[in-house]
Amino acid sequence: TLLARAATRACARHATALSQRHAGSGGDDASSTKNKNPARGGSFGTLPRLTSWIFATGTARVETRARLESQLAFSALVQRTPGYISPRAWVTTQRAKYSQNSAKSGDSAGTLTKPDDDFASLDGFWPFRVAGSLPTPEALMHDADTFSFGDAFAGDAGNDVDVELTRVSARKNLDAGEQWMRALIGTLHWARWALERKLLTVEDLLSRRAATGNEHPLNAAAYWIKVGVPAIDGEDVDGAKDGAGDANGAMDHSPHHTRRPASSSPAARKWRKARVKLAVQVLVLAEAVARETSGVGAFFAALDSTASGENLSGDSQHASGVAHLACVASLAPETLGADIVGGRMDDVAQLAGAAARVLAPMMTVGETANPDVAPVRLAARHTLRRMFAQHNGRFDLGAADVRSAEGLRAARRLAAGYRALANVNLLRPLLPSQSEEPNAAVVPTSRVNLARRLLLAAHGLGPDASPAQIEAGREWVTLAAHIGAAPEFVVQLVLGDVEVGGSLSGRRDANAHTIYSKVPNRAAGSHQNAAAKFGEAFLQNFPKDIVAAVRWHFKSCVESLVQRVVDGSPGSTGALNLLFAVLELPTNGAATTFVETQILTALAARAPTIASLVHRSTVHNSGTGRGLDHGEVRAADDHEDDSGAAFRRHDERRRACVELVRRAIALDQACAGFGPGRGRVLFPAPTKPKPKSTDSTGSTETETGSNAPGDPLAIAVASVACPDTETFTGDDVGPAQREALDVFPQLLLAGGAAAAIAAVAAKRLARLLRDSGASRAASGSADGAAFAAARKGILTAASTPFPDLEAAC
């Protein structure tokens, strides 16, 4: 490689000298024959011949590295040849030259005739041809890497000689098929490169197709599609198994039909690798041709493997070889030789991506659609929809079973095809539709039903899912979000309102999943707790897609989330964690958008409900989360408010409220500014409030009586930081109070009534510290530690500048 590139650079550097004829070689006069081959004559006039030689013999070589280096060298040298205008003009001139030579000499072998004319015919110069003889169909069929030896045992069960001959014959077929496919791969890669470099047009690829027969690459590719690409629903297609078997994946062990895979054979591995590369090259070339403006219809007609009368897609009105190949590569890559041993996904992703890219331009409809690809578009759409609607569920991702290793591998392969189609926005329009008529049969793979089934499958993985299962479930959740999963249903899964292992019923209604009743029922408590744990695991396993879905539709989800947190019933932990995640600041310092302002607007309407978390009276109305249903009375009701269980529960709820307020204020501060989607929502620009009266919790009412939407949250934080007592003890400053004091600087920076509320609460707390004599407590005592924590919070708040300081104090 390095030597080839160095030689290319040297030739490019001395292109002028290499393009001139030597002075001793004479002029154009034929009689001037003196010194026809002078010394050093090989150093002059060789660049045009070298460029032609690289183009004819190097740019379509079988070896990948040699082919790529030859293409790079040709691109660098052709533009330095004498009379160069464009790549297309150069190729046209050379083809005309060698066509004349072929007509004069009648030689079609393309042999070297004289030093200044390397190629005597067009066949010798034109790289778009397949070298070698066409292999037998047995060497190209999708199951050629398996061989049958049942007949060898028909007469003598110990005839090892016949078995070995069968193996040798199978390996010879594999070698012949692999060499022919590699030659075709190089030629098709050259065609795509030539189209991209504007060396030729699609009509040039179609020329001389009838004269060359199966040596023409398009004829050869059509032959391979016909023989080597299996039928989608044929009985001979290996299902999702890694070995040979029937359509259902079962191995046939009958005496005369036993087949054994040759997966351990190096020849079989090379043969399968060549099949994958050939399928990718056919699809990539079809993608490049589909974007051209002329000759497109004739190209796809040339690759139509159904021209001989056989229909691989099952419908004569929807027949296309390229469409069939793309559909198989998307949803059944293992039938094209993809290496799936051990869960490998490289070949699967390569095939699925190439198939999706070739289908994307074909699916364009409207004024910009190319009418030449209409037959291919119809065939691809018909075939994919038929694959999605198959009753055996082979191509239904929602029916995947990830509990077994084989099912998990099959699910990952199928998810790769779904994801590739989704990346080019083809999955949603290709999914079958669900009839809206009453009592209509359920279509499991319709867009709505499939989205719910994918979410239910991911939810059913539970807290004990393995990393591989979580990776597969992440694909399901992403695809469900892409095809339009309802965010309300996502929230129900997080809250545990859907039965563990629930699924759609046989009715048309896609909402037929089990929702827990809100009627108190202690017998259902254990089931609700299990569903709540699965909901928490669902959020923990797939946080990115769940949070994104809820953020975009927060207005329709916030009520159920906030109410569940306030109720404290099973699922409140998942609801609280989801609210925390939604209120996170944009990562990497990204600017806020209208999504954040919409989140804050929806949250502001529930600010009084969130603030009720700090009230001690709401503790007894909430469930414990340990088997009690909605509305049940806690056992702590029989105790006083200062009992241990009630105090801990109250402290947890206050801390949850303070953390929600802290995140909401931080997000509100990030939205400050002007422009589309900007501006504070919870605490807009202050209007210089003038306090009239102050209650014991620090609540301040302005003269106008118009408070900011976030003022209830500020009042809640102030009531947590400043206890409603006349004395100060060590029990008054716990984790909740310390966290509330940490929020004071943010409230002061918000200005307006929020700053006044925080300032009044800090002032009252300082007075309590002074009057209670906590400053005289020993430093190691509980009262001393509480005093130090409260003083630190007050001093931090006092050092924070905020507007209207005098008015607030």
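The values are calculated or read from the model by the stated rules, or taken from the named source; none is laboratory data. Keep in mind that what you see is a predicted model, and the values were worked out from it rather than measured. Cβ sites come from the backbone with ideal geometry, for glycine too, and all protein chains shown count toward neighbours. Ligands, DNA and RNA are excluded from the accessible area calculation, which covers all protein heavy atoms including side chains. Shrake-Rupley method; radii C 1.70, N 1.55, O 1.52, S 1.80 Å.
Would you please list the contacts, defined by Cβ atoms under 6 Å and residues six or more apart or on different chains, that run from a residue in segment 381-404 that is part of a loop (DSSP other than H, G, I, E, B) to a residue that is open to solvent by 40 Å² or more (accessible area, probe 1.4 Å)?
As it stands, the answer is G393/A399, since those pairs meet every condition given.
Starting from segment 454-483, take each residue that is under 18 Å from A410 (Cα atoms) and list its partners that are part of a loop (DSSP other than H, G, I, E, B) and of a type in the set (D, E, K, R), counting only C-beta distances under 9 angstrom and pairs at least six apart or across chains.
Taking only residues 6 or more apart or on different chains, the pairs are Q469/R403.
Going through T587, T601, T618 one at a time, which residue ends up being of a type in the set (V, I, T), at pLDDT below 80 and under 20 Å from F554 (Cα atoms)?
On inspection, the qualifying residue turns out to be T587.
Which condition number in (1) at pLDDT 90 or above; (2) of a type in the set (A, V, I, L, M, F, W, C); (3) touching a Lys or Arg at 6+ places or on another chain (Cβ under 9 Å) is the one that I610 fails?
Of the numbered conditions (1) at pLDDT 90 or above; (2) of a type in the set (A, V, I, L, M, F, W, C); (3) touching a Lys or Arg at 6+ places or on another chain (Cβ under 9 Å), the odd one out for I610 is (3).
Which members of segment 439-452 meet the condition of being in a helix (DSSP H, G or I) and open to solvent by less than 40 Å² (accessible area, probe 1.4 Å)?
Within segment 439-452, N449, L450, A451, R452 meet the criteria.
Inspect segment 723-742 for any residue being buried (at least 23 other Cβ atoms within 10 Å of the Cβ), in a helix (DSSP H, G or I) and at pLDDT below 80 and give the result as yes or no. First the steps, then the outcome.
First, pick out the residues of segment 723-742 that are buried (at least 23 other Cβ atoms within 10 Å of the Cβ): 728, 733, 737, 740-741.
From what is left, the residues that are in a helix (DSSP H, G or I) are 737, 740-741.
Add one more test, that the residue is at pLDDT below 80, and what stays is none.
No, because not a single residue in segment 723-742 is buried (at least 23 other Cβ atoms within 10 Å of the Cβ), in a helix (DSSP H, G or I) and at pLDDT below 80.
For segment 261-275, check the following and say yes or no: at least one residue is at pLDDT below 50, assigned to a loop (DSSP other than H, G, I, E, B), over 32 Å from the mean Cα position of the chain (by Cα) and farther than 24 Å from W180 by Cα. Spell out the reasoning first.
Start the filter on segment 261-275 by keeping residues that are at pLDDT below 50, which leaves 261-262.
Now drop any that are not assigned to a loop (DSSP other than H, G, I, E, B), which leaves 262.
Checking the rest, the ones that are also over 32 Å from the mean Cα position of the chain (by Cα) come to 262.
Imposing the further condition that a residue be farther than 24 Å from W180 by Cα reduces the set to none.
Scanning segment 261-275 turns up no residue that is at pLDDT below 50, assigned to a loop (DSSP other than H, G, I, E, B), over 32 Å from the mean Cα position of the chain (by Cα) and farther than 24 Å from W180 by Cα.
Does A611 qualify as being under 15 Å from R654 (Cα atoms) and in a helix (DSSP H, G or I)? Spell out how you get there, then give the answer.
Working: under 15 Å from R654 (Cα atoms): yes; in a helix (DSSP H, G or I): yes.
For A611, the condition - under 15 Å from R654 (Cα atoms) and in a helix (DSSP H, G or I) - is met.
Could you list, in sequence order, the residues of segment 565-586 that are in a helix (DSSP H, G or I) and closer than 23 Å to D668 by Cβ?
Going residue by residue through segment 565-586, those that are in a helix (DSSP H, G or I) are 565-567, 572-582.
Selection gives V565, V566, A575, L576, N577, L578, L579, F580, A581, V582.
What's the number of the only condition in (1) out of contact with any Ser or Thr (no Cβ under 7 Å at 6 or more places or on another chain); (2) modelled with pLDDT under 85; (3) in a helix (DSSP H, G or I) that A354 fails to meet?
(2) is the only condition that A354 fails.
Suppose we filter D372, D396 for residues that are among the acidic types (D, E), under 27 Å from A360 (Cβ atoms) and open to solvent by less than 60 Å² (accessible area, probe 1.4 Å); which single one remains? Quick ask: steps written out before the conclusion?
Numbers: D372 fails: open to solvent by less than 60 Å² (accessible area, probe 1.4 Å).
Selected residue: D396, the only one of D372, D396 that is among the acidic types (D, E), under 27 Å from A360 (Cβ atoms) and open to solvent by less than 60 Å² (accessible area, probe 1.4 Å).
Residue check, A415 against (1) out of contact with any helix residue (DSSP H, G or I) (no Cβ under 6 Å at 6 or more places or on another chain); (2) surrounded by 19 or more Cβ atoms within 10 Å (Cβ to Cβ); (3) within 25 Å of A323 (Cβ to Cβ), all met but one. Which one?
Here A415 clears every test but (1).
Quick test for you: out of G623, G571, pick the one residue that is in contact with a Lys or Arg (Cβ under 6 Å, 6 or more places away or on another chain), at pLDDT below 90 and surrounded by 21 or more Cβ atoms within 10 Å (Cβ to Cβ). Break it down stepwise before answering.
Values: G623 fails: in contact with a Lys or Arg (Cβ under 6 Å, 6 or more places away or on another chain).
Selected residue: G571, the only one of G623, G571 that is in contact with a Lys or Arg (Cβ under 6 Å, 6 or more places away or on another chain), at pLDDT below 90 and surrounded by 21 or more Cβ atoms within 10 Å (Cβ to Cβ).
How many of the residues making up segment 65-98 are open to solvent by 40 Å² or more (accessible area, probe 1.4 Å), without any contact (Cβ under 8 Å) to a residue 24 or more places away in the chain and in a helix (DSSP H, G or I)?
Of the residues in segment 65-98, 5 are open to solvent by 40 Å² or more (accessible area, probe 1.4 Å), without any contact (Cβ under 8 Å) to a residue 24 or more places away in the chain and in a helix (DSSP H, G or I).
Give segment 301-324 a look and list any residue that's assigned to a helix (DSSP H, G or I), modelled with pLDDT of 55 or more and open to solvent by 10 Å² or more (accessible area, probe 1.4 Å), or say none. Steps first, answer last, please.
Filtering segment 301-324 down to residues assigned to a helix (DSSP H, G or I) leaves 301-302, 305-308, 321-324.
Restricting the remaining residues to those that are modelled with pLDDT of 55 or more gives 301-302, 321-324.
A301 - this is the single residue of segment 301-324 that is assigned to a helix (DSSP H, G or I), modelled with pLDDT of 55 or more and open to solvent by 10 Å² or more (accessible area, probe 1.4 Å).
Check whether at least one residue in segment 466-486 is part of a loop (DSSP other than H, G, I, E, B), open to solvent by 10 Å² or more (accessible area, probe 1.4 Å) and over 28 Å from R385 (Cα atoms), and report yes or no. So that I can check it myself, show each step before the final result.
Start the filter on segment 466-486 by keeping residues that are part of a loop (DSSP other than H, G, I, E, B), which leaves 466, 483-486.
From what's left, open to solvent by 10 Å² or more (accessible area, probe 1.4 Å): 466, 484-486.
Checking which are over 28 Å from R385 (Cα atoms) leaves us with 466.
Yes, segment 466-486 contains a residue that is part of a loop (DSSP other than H, G, I, E, B), open to solvent by 10 Å² or more (accessible area, probe 1.4 Å) and over 28 Å from R385 (Cα atoms).
Taking segment 128-146, which residues are acidic (D, E) and either under 20 Å from R209 (Cβ atoms) or buried (at least 22 other Cβ atoms within 10 Å of the Cβ) (or both)? Show your work before the answer.
Kept after step one, since they are acidic (D, E), are these residues of segment 128-146: 138, 143, 145.
Of everything in segment 128-146, just one residue is acidic (D, E) and either under 20 Å from R209 (Cβ atoms) or buried (at least 22 other Cβ atoms within 10 Å of the Cβ) (or both), namely D145.
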